[in-house]
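I have placed the structure first, in the form of structure tokens, so that the comments after it can refer back to it.
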Amino acid sequence: MNGVSTPALRERLPLVTPGATAERRPGRGRERVARILAPVLIGLVALAIWESLVRINEIPHYILPAPSLVLQTLVEDWPTLFPSLLVTLQITFMALAVAVIGGVGLAILFTMSKWVELSLFPFAVILQVTPIISIAPLILIYVSNVNLALLICAWIVAFFPILSNTTLGLNSADHNLRDLFQLYGASRWQTLLHLRLPAAMPYFLGGLKIAGGLALIGAIVAEFAAGTAGTGSGLAYRILEAGYRLNIPRMFAAVILISFTGILIFMAFTLLSHLLLRNWHESAIARER
């Protein structure tokens, strides 16, 4: 290269270390802070506007409570709302566990037999596209155990994302690697264990994040259906109970509690996905800018 030797060229090039690279990216820290502060500030502004409108227009609390009253109600009614939250969470996570076991197991079965996939996958689609609010009353009629009926309703909603995403992931393994495994005489189970399952992990975790929120939604919808029949003890039942008594602040408090629970579930599964994928998958590896 124009008479310059390789050692001399190396001496002229600056030594780049991970620390130096990090020092050259001061904007990355600001981006992380902005990612947190921006939605928080917008939320605080929205709450301030809500509070001001209620106070200026003197809107009665049984029509639209102020955020301060909702927060006060959440604190005062915590002994009532928290046990109901635990009931809802129990149904949610039990349904999610059943959906994961059944969805992953059936996805593996689909991978092993194309005929099984062609025969059963349409019925999974039917379960997904049928509104749970329309079949929840029927399930409550035919299943005498209310908790089991709620579990079935929540499972129906959470099952399909796990099944479809895991099936897609298992079928997305690199074809060249599959041919290589076949060339070296690997069995179908060895290919599944060492190639297909690792390839399907990001898809499965993506479906898990979706299914976590859907399981909570399914549990709430089923509790609404059970509450109209006079049974239930979850948060949805507390919302119905507060509505009958025109206790609107408690309704808002329960809704906010459900929303924050769903956010925490999503954040927990997002963290799990990051921890499992950060060392090897492109979707979680930090890139230099």
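Computed from the coordinates by the stated procedures, all read-outs in this text should not be read as laboratory data. Computed from a prediction, not measured in an experiment: that's the story for all the values here. Don't worry about glycine lacking a Cβ; one is built from the backbone with ideal geometry, like all the others, and counts go over all protein chains shown.
Things worth noting here:
- The residues on offer are F204, F252, F266, and the sole one that is more than 29 Å from L127 (Cβ to Cβ), assigned to a helix (DSSP H, G or I), aromatic (F, W, Y) and in contact (Cβ under 8 Å) with a residue 40 or more places away in the chain is F252.
- Matching residues, the range 177-201, being within 19 Å of L109 (Cα to Cα) and either surrounded by fewer than 13 Cβ atoms within 10 Å (Cβ to Cβ) or not aliphatic (A, V, I, L, M) (or both): R178, S187, R188, W189, Q190, T191, L193, H194, R196, P198
- Within the range 73-89, tally of residues that are over 22 Å from L214 (Cβ atoms), part of a helix (DSSP H, G or I) and either touching a residue at least 12 places away in the same chain (Cβ under 8 Å) or in contact with a helix residue (DSSP H, G or I) (Cβ under 6 Å, 6 or more places away or on another chain) (or both): 5
- Selection status of L69, assigned to a helix (DSSP H, G or I), in contact with a His (Cβ under 7 Å, 6 or more places away or on another chain) and not hydroxyl-bearing (S, T, Y): yes
- In the range 90-140, the residues that are among the basic types (K, R) and in contact (Cβ under 8 Å) with a residue 12 or more places away in the chain: none
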